[in-house]
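Since the structure comes first, as structure tokens, the remarks are kept for the end.
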Amino acid sequence: MELIKDLPDRLLFAIPKKGRLHSACLSLLEGADIQFHRKNRLDIALVKNLPIALVFLPAGDIAKFVGEGNVDLGITGQDMVAEAEAQDKVTEILELGFGKCRLCVQVPVKNGAASVDDLVGKRIATSFEGISKNFFDEVDAKVAAANGTAGTDAQKKTELVFVSGSVEAACALGLADGIVDLVESGETMQAAGLHDIVTILSSQAVLIASKKPSHPDLVQTIAGRIKGVIAAQKYVYINYNVERKHLKEATLITPGRQAPTVSPLENPEWVAVSSMVLKHNVAQTMDDLEAIGARDILLFAIQNCRV
Ligand SMILES: Nc1ncnc2c1ncn2[C@@H]1O[C@H](COP(=O)(O)OP(=O)(O)OP(=O)(O)O)[C@@H](O)[C@H]1O
Ligand SMILES: O=P(O)(O)OC[C@H]1O[C@H](OP(=O)(O)OP(=O)(O)O)[C@H](O)[C@@H]1O
């Protein structure tokens, strides 16, 4: 695909074309005011207000394209970057806070292996062949060293069975003794009668760039905008009045990112305070402010910001 030749003046930005990361990526683009119109079934869309072309690719291919410099920027999972062995070929610019999951070794709850050592010489189904091979090569070597079979014909090797989806069905179908697959809530794993015995890696979606992007300044601009969108999702803005004598305690509760903004009121014994606070903890923050006598506590959503 010679996209660079066809689109010489634009930065190429790869977005997962479907799957778990797709809709969160579209929200990020909207929040960053990256406007585009994607024609039905077309995997390239020109951005209207910036010299960017979006390229919609499978999440699993994005790290390879970015690593080899075919596209300048991309969003994919850290698991996909590791599977493509692209960690050294891309720059991870930003963790995006969504697509959080763990890549785990899973075995049947009933009569399954007790540890990964017990899986040596058995069959493992996965769509993460590269990561699983590296992991089980080490386990095989460790067990062989302990048994004194290293380098002999008696050394057991774990067999990897590639499956492209519905990996969790492999044990029940008799295809494998264990699997390597992603876990988030654990519902898929439990429904398949499996449990995890080891986490190989933790992952979330990341913004990655090629080592030599064609438009480095634009990479920084997009990174700044996306950072702002993520911060806006993470923080809310709080505003309250508090007696000046409690300002020190109030500042400890709402320290802000640099420092809170403190404004005088007509009543000299009181001040107004405003600050960014973490959204996930905001109810506790309001309770704590109330407890020191803060009044008129108002909370505002942040539509966008630069931090
Ligand atoms: N259950 C999950 N929770 C959170 N993130 C996940 C989950 N499953 C996958 N991911 C993340 O999303 C990425 C893409 O996974 P997804 O299953 O959507 O792959 P896909 O192959 O592109 O889509 P599809 O499964 O529709 O073919 C994964 O590499 C991982 O980083
Ligand atoms: O722990 P959970 O919250 O249940 O999530 C884990 C599941 O999510 C992913 O699959 P997905 O649903 O994206 O479909 P897929 O199997 O087609 O990739 C992953 O492969 C697991 O099967």
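The values are calculated or read from the model by the stated rules, or taken from the named source; none is laboratory data. Just so it is clear, the structure is predicted and the values come from calculations on it, not from any experiment. Here the Cβ is made from the backbone with ideal geometry for all residues, glycine too, and neighbour counts use every protein chain on show. Heads up: the accessible areas ignore ligands, DNA and RNA and are worked out on the full protein's heavy atoms, side chains in. Shrake-Rupley method; radii C 1.70, N 1.55, O 1.52, S 1.80 Å.
Miscellaneous remarks
- Listed residues Val116, Val206, Val180, most fluctuating in the chain (Gaussian network, C-alpha, under 10 Å): Val116
- Shape class for the stretch 235-301: prolate, because the ratio a/c of the largest to smallest gyration tensor axis (alpha-carbon atoms, square roots of eigenvalues) is 1.5 or more and a/b beats b/c.
- Given +1 at the Cβ of Lys and Arg, -1 at the Cβ of Asp and Glu and no other charges, the dipole of the stretch 105-243 around its Cα centre is 460 debye to the nearest 20.
- Taking every C-alpha pair closer than 8 Å and separated by at least 6 residues, the mean separation divided by the residue count of the chain gives a relative contact order of 20 percent.
- Extents of the stretch 155-294, taken as max minus min of Cα coordinates on every principal axis and listed largest first, are 79, 45, 28 Å.
- Considering only Ile297, Ile131, Ile238, the Gaussian network model of the chain with Cα springs below 10 Å gives its largest mean-square fluctuation to Ile297.
- Considering only alpha-carbon pairs that sit under 8 angstrom and 6 or more positions apart, the relative contact order computed for the stretch 17-102 is 23 percent.
- Surface composition of the stretch 4-110: carbon plus sulfur atoms hold 50% of the accessible area, using a 1.4 angstrom probe and ignoring ligands, DNA and RNA.
- About its Cα centre, the dipole of the chain is roughly 680 debye, where the only charges are +1 on Lys and Arg Cβ and -1 on Asp and Glu Cβ.
- Relative to one another, the C-alpha centroids of the stretch 164-217 and the stretch 15-70 are positioned 22 Å apart.
- For the chain, modelled as a GNM whose springs connect Cα atoms under 10 angstrom apart, the maximal fluctuation among Asp288, Asp140, Asp72 occurs at Asp288.
- Computed in the context of the full set of protein chains, the accessible area of the stretch 235-301 at 1.4 Å probe radius has 54% of its extent on carbon or sulfur.
- Gyration tensor (alpha-carbon) shape descriptor, the stretch 75-187, a/c threshold 1.5: oblate
- Where the stretch 38-169 is the region considered: accessible area per residue in Å², 1.4 Å probe: 50 Å²
- Computed on the Cα trace of the chain, the radius of gyration divided by the Kirkwood hydrodynamic radius gives Rg/Rh = 1.11.
- Here the contact order of the stretch 235-301, divided by its residue count and restricted to Cα pairs under 8 Å and six or more residues apart, works out to 51 percent.
- Structure note, pairs Lys89/Lys234; Lys18/Lys39; Lys245/Lys279: Cα-Cα distances above 24 angstrom occur for Lys89/Lys234; Lys245/Lys279.
- Where only DSSP H runs of four or more residues are counted, the chain gives -8500 deg cm²/dmol as its mean residue ellipticity at 222 nm, each run worth -39500 (n - 2.57).
- Accessible solvent surface per residue of the stretch 192-238, calculated while the other protein chains remain in place, 1.4 angstrom probe, Å²: 43 Å²
- Backbone N under 20 Å from the Gln87 label point (7 Å along Cα→Cβ), restricted to the stretch 199-227: 199-212
- Acute angle (nearest 10 degrees) that the helix 282-291 long axis makes with the longest principal axis of the chain, alpha-carbon atoms: 40 degrees
- Residue among Gln87, Gly77, Phe135 farthest towards the positive dipole end of the stretch 26-171, charges placed on Cβ: Gly77
- Degrees separating the helix 216-234 axis from the principal Cα axis of the chain, which is the longest one: 70 degrees
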